[in-house]
1. So which residues in the stretch 494-546 are under 32 Å from the mean Cα position of the chain (by Cα), under 30 Å from PRO124 (Cβ atoms) and either at pLDDT below 90 or among the small types (Gly, Ala, Ser) (or both)?
2. I'd like to verify a number: residues in the stretch 62-72 that are assigned to a loop (DSSP other than H, G, I, E, B) and either closer than 15 Å to ALA39 by Cα or in contact (Cβ under 8 Å) with a residue 60 or more places away in the chain (or both), how many?
3. Looking at ARG602, is it outside the structural domain of ILE462 (by TED's automatic domain parsing), at pLDDT 80 or above and of a type in the set (D, E, K, R)?
4. How many of the residues making up the stretch 259-278 are closer than 10 Å to GLN241 by Cβ and either touching an Asp or Glu at 6+ places or on another chain (Cβ under 8 Å) or modelled with pLDDT of 75 or more (or both)?
5. Tell me which of these SER188 doesn't satisfy, since it passes every other one: (1) at pLDDT 85 or above; (2) polar (S, T, N, Q); (3) farther than 30 Å from LEU608 by Cα.
6. Quick test of your reading of the structure: SER375 fulfils all but one of (1) without any contact (Cβ under 8 Å) to a residue 12 or more places away in the chain; (2) polar (S, T, N, Q); (3) touching a Leu at 6+ places or on another chain (Cβ under 8 Å). Name the failing condition by number.
7. What's the total number of residues in the stretch 442-456 that are touching a Phe, Trp or Tyr at 6+ places or on another chain (Cβ under 7 Å) and either modelled with pLDDT of 90 or more or closer than 25 Å to SER135 by Cβ (or both)?
Amino acid sequence: MARTPAGTPPHPKGAERFNEERATYTMKGSQPDLEAGVAAIREVLATLAPRPGVYRMLDARGDVLYVGKARALRNRVANYTQIERLPLRLQRMVAQTRAMTIVTTNSEAEALLLEAQLIKRFRPPYNVLLRDDKSFPFILLRTDHAFPRIMKHRGARRAKGNYYGPFASAGSVNTTINALQKLFLLRSCTDSFMARRDRPCLLYQIKRCSAPCVGRIDAAGYAELVDEARDFLGGRSSAVQKKIEAQMNQAAEALDFERAAMLRDRLRAATFIQGSQAVNAEGVGNADVFALAVKGGHMAIQAFFIRGGQNWGHRAFFPGHTEGLDEAEVLTAFLAQFYEEVPPPRLILVDRALPEAALLAEALAGAAGGKVEVSVPQRGDRRRLMEQARRNAAEALDRRAAETGTKARLNRELAEFLELPEPPGRIEIYDNSHVQGAHALGAMVVAGPEGFLKGQYRKWNIKAAQSNDDYAMMREVFARRFSRARDEDPDRDGGMWPDLVLIDGGKGQMSAARDTLEELGIEDVPLIAIAKGPHHGREGREVFHFPDGREKMLPENAPLLFHLQRLRDEVHRFAIGAHREKRSRAISASPLDEIPGIGPARKRALLLHFGTASKVRAAALEDLQRAPGVSAAVAQTVWDFYHPGG
């Protein structure tokens, strides 16, 4: 959110410190830059109308410095030309500004949503950033089949069905789905797997599925289980439990002990799900709860996700770029970005009054499908829940501070051990993955002072080095990575050059990487290769290879060794996962994919009719035309592809 406070110093240390910093900033020669920035803003200002919209501040290279929204663009942008009224942070931004991009909207609420989208896309250095912005997992009860399937889901909600969540992690979803399978015996297999079954699978044997695939339960009985699952996940868990308990007692009275035992296990699964929800949210209904804690200049936001009076997850967030900003402003910016991907509930509880609460509620109403309330709880269950969120936020901030201190110490030890001039800020780790040279790819993961930066991971399909040659693959990856960095960011001020490069390998990989960088004219990027030692395969005896041929080792139980092993293991995990995905795509590829103009539906129709791609190729034109779902034109296209020239 854009702010231009006036009259009071933005820094808590007072006006004296603020004026001193401003004077220092001016003495460093920034005044010409400020004048150029103001001139660029005034040039745009002359074209603006007092309409709502979103503006972007751009630097000389066209990179986005800041995204802001406004009820009246002309009034808001004009504030940036009044330098003396701006805090130091915004003066720095104006000094870097050389152009602006303007988008008008129909309302300020629409501008708020667009602002959040652009911040997540460009991640500008002067905006509050939601650092942990990976998509949240949901439970999906998919209803586009006669026997609905229960499954974990991430991403866009395109599939037909009921979504429940969000959950804090994939692990919590998996645990809950396992318990729900025991409770409701719903299938989790894919439709194609179900269609191929002629006898129950293992899940039926361990009483986690009712085996609708082979008729062990009819459609009506399965539909009853689905309805119970909807009731339970929708907040009517007590009624479901009472129903199961009554059925269990009836079975016991009828001496049907096998059915009574099965119902008892289902009842235990329901108790497990509710017992695993550490937050007591009875009487709250559907709501998200947010509390903010501040300590030592850092902020943490604790979120609880309550659906149907049940806790479906809680997580702490640590927004970035918050220095000198008002706490309510940070929380408002955080919420706008958070709900850019996560569907909002009708009730959002916060621990402090937000000046733009009404605007935020208006902006989120469309995604929520109705009116949204953003409020501060005052009493009762909501108040107690908020107090719990506040405690969790403060504790999360303390844990973060302790972890950051440990990481800072490890970074200092790393710099000393690897003979670096200072602790590295950006570490890139590289590995290759292939099977006898097939489906080869290179992988890079990135670690910063506060952990892995998964949004900056990269992978490369190996193009030139197709033989079983690890060294050639490493040369190709380094040539592509660093030639692009050299061309796109020669001044190295884009923050994408590494302070340290770790290579998963030994002397050969080190030589390949070193020689490639030298050929590119890059000789000041620190390189280290990490390889297993004399007893190959035994962790704890890793050898670190330096570019000049030296080798060093660490004691087996050294914390720094564990830290480096974790970096190496992360790139290994990422490379293997990417390679497995690439190999799976290659295995599942069909020769029909090569036929231009034939989409997935037509390919599927041909394969269902003929059985294999080879039979499609051998089919006569008349046979192709008789295939269901295949028009005469499509049949002719397939025939012409396999019989060029008639």
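The values are calculated or read from the model by the stated rules, or taken from the named source; none is laboratory data. Just so it is clear, the structure is predicted and the values come from calculations on it, not from any experiment. Virtual Cβ from ideal backbone geometry, glycine too; neighbours counted across all protein chains shown.
1. Across the stretch 494-546, the qualifying residues are GLY494, GLY495, MET496.
2. To start, the set of residues in the stretch 62-72 that are assigned to a loop (DSSP other than H, G, I, E, B) comprises 62-63, 71-72.
Imposing the further condition that a residue be either closer than 15 Å to ALA39 by Cα or in contact (Cβ under 8 Å) with a residue 60 or more places away in the chain (or both) reduces the set to 63.
Count: 1.
3. Details: outside the structural domain of ILE462 (by TED's automatic domain parsing): yes; at pLDDT 80 or above: no; of a type in the set (D, E, K, R): yes.
For ARG602, the condition - outside the structural domain of ILE462 (by TED's automatic domain parsing), at pLDDT 80 or above and of a type in the set (D, E, K, R) - is not met.
4. Our first condition is that a residue be closer than 10 Å to GLN241 by Cβ; within the stretch 259-278, this holds for 266-267, 270-271, 274.
Imposing the further condition that a residue be either touching an Asp or Glu at 6+ places or on another chain (Cβ under 8 Å) or modelled with pLDDT of 75 or more (or both) reduces the set to 267.
Qualifying residue count for the region: 1.
5. (3)
6. Failing condition for SER375: (1).
7. Our first condition is that a residue be touching a Phe, Trp or Tyr at 6+ places or on another chain (Cβ under 7 Å); within the stretch 442-456, this holds for 442-446.
Narrowing the set further to residues that are either modelled with pLDDT of 90 or more or closer than 25 Å to SER135 by Cβ (or both) leaves 443-446.
Count: 4.
Per-residue answers, yes or no, for (1) out of contact with any strand residue (DSSP E or B) (no Cβ under 6 Å at 6 or more places or on another chain); (2) within 26 Å of ALA402 (Cβ to Cβ):
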residue: ALA303; (1), (2): no, yes
residue: PHE318; (1), (2): no, yes
residue: LEU325; (1), (2): yes, yes
residue: GLU329; (1), (2): yes, no
residue: PHE338; (1), (2): yes, yes
residue: ASP351; (1), (2): no, yes
residue: LEU360; (1), (2): no, no
